[in-house]
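Shown next, in structure tokens, is the structure this report addresses.
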């Protein structure tokens, strides 16, 4: 099952909140277009993901992510969401709350609410509280692909979206706290750095 347009093609750190190497990143997990995503925000997301995984039906989780994976996926999500918001703003795309909830309900009806929430929390580090936000991102990506290549094939539209987002990422600038690695604009994900800690997630689903 493929929910995210970008994820279908390219998108499949430490989670401590200490000081960054540079003053402007102190207390921040990332800076996008000059706007900071606080380390506290990322830590809160990580806690939400860990807590939800602990109470999720083990049969719905194919693999338990490590703490590092949760941290990086959380940062990736925040960065991608910021990029998508900037993209739809630039392209004049409007997506209403009604459209988001309607799409969410369609997905839940097709795959069940529990299975979707289990997939999102374990694979994308998106807790139940972030499902609507995730559905918005899917609809936004679809709208962007159609805007970039009207009537084009899925393959061509997806590549056009990746190229667009890569250029946007480079243009506005994405800088990560070294604890989360570095941002790779060509693949739209963070890559672990030397300062990324390998911390196992102390969760048992069996």
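Exactly one residue among 102, 51, 43 is under 19 Å from residue 179 (Cα atoms) and assigned to a helix (DSSP H, G or I), and that residue is 43. Kindly indicate whether any position in the range 54-63 is modelled with pLDDT of 90 or more, outside any loop (DSSP other than H, G, I, E, B) and in contact with a helix residue (DSSP H, G or I) (Cβ under 7 Å, 6 or more places away or on another chain). Yes. Would you mind stating whether residue 71 is at pLDDT below 95 and part of a helix (DSSP H, G or I)? Answer is yes for this residue. Of all the numbered requirements in (1) modelled with pLDDT of 95 or more; (2) more than 17 Å from the chain's Cα centre (by Cα); (3) over 30 Å from residue 57 (Cβ atoms), residue 83 misses one, and that requirement is (2). Scanning the range 152-196 for residues that are more than 15 Å from residue 90 (Cβ to Cβ), within 18 Å of the chain's Cα centre (by Cα) and buried (at least 19 other Cβ atoms within 10 Å of the Cβ) yields 158, 162, 174, 176, 177, 179, 180, 181, 183, 188, 189, 190. All conditions but one from (1) assigned to a helix (DSSP H, G or I); (2) over 19 Å from the mean Cα position of the chain (by Cα); (3) surrounded by fewer than 14 Cβ atoms within 10 Å (Cβ to Cβ) apply to residue 89; the one that does not is (2).
Within the range 104-134, the set of residues being closer than 20 Å to residue 83 by Cβ and touching a helix residue (DSSP H, G or I) at 6+ places or on another chain (Cβ under 7 Å) comprises 120, 124, 125, 126, 131, 132, 133, 134.
The values are calculated or read from the model by the stated rules, or taken from the named source; none is laboratory data. Since the structure is predicted, the reported quantities are computational estimates derived from the model, not experimental observations. Neighbour counts are summed over all protein chains in view; Cβ atoms, including those assigned to glycine, are modelled from backbone coordinates with ideal geometry.
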